[in-house]
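Read the figures in this text as sums done on the coordinates, not as results from a lab. As the structure is a computational prediction, the values presented were derived from the model and not from experiment. Cβ coordinates were reconstructed from backbone atoms using ideal geometry, including for glycine residues, and neighbour counts include every protein chain displayed.
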Amino acid sequence: MNVSPPVTQYSQQTAPAPAAENIIVVEMNNKLRFVPTEITINAGDTVEWRNIGSILHTVTADPGRAPGSRNIALPDGAEAFDSGWVMRGQSFRYTFSEPGVYRYVCLPHERARMLGTVIVG
Ligand SMILES: [Cu+2]
């Protein structure tokens, strides 16, 4: 007598583990834009900025790096952050724990309006 393939032999132990950290991708391109420009995420999520072009960019939410900038803002209690140079093909990750609105810039392209917003709910 034929038997069915043992497709039901997997136990609970082989079930997928709970989802790992949630990663949201924002691309940085040669048009000097963050795409998407604005994202809404949950506290604890990680954003990964990827440089898909050949031009160097930064992800800067540090008022100290851009004195006088009106394009950088952090919620009360949030720490400033700055990626430094992100080269072609490289990425930068930051995990957001404090809820609120974060406005950040690409330092060399702020005047070209390379600006982004992360809203942490
Ligand atoms: Cu840039």
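In terms of packing, defined here as the mean over residues of other Cβ atoms within 10 angstrom, the peptides 96-109, 57-70, 29-42, 76-89 line up highest first as 96-109, 57-70, 29-42, 76-89. Rounded, prolate or oblate, given the Cα gyration tensor of the range 19-120, with a/c below 1.5 counting as rounded? Judged from the Cα gyration tensor, the range 19-120 comes out oblate (a/c at least 1.5, b/c at or above a/b).
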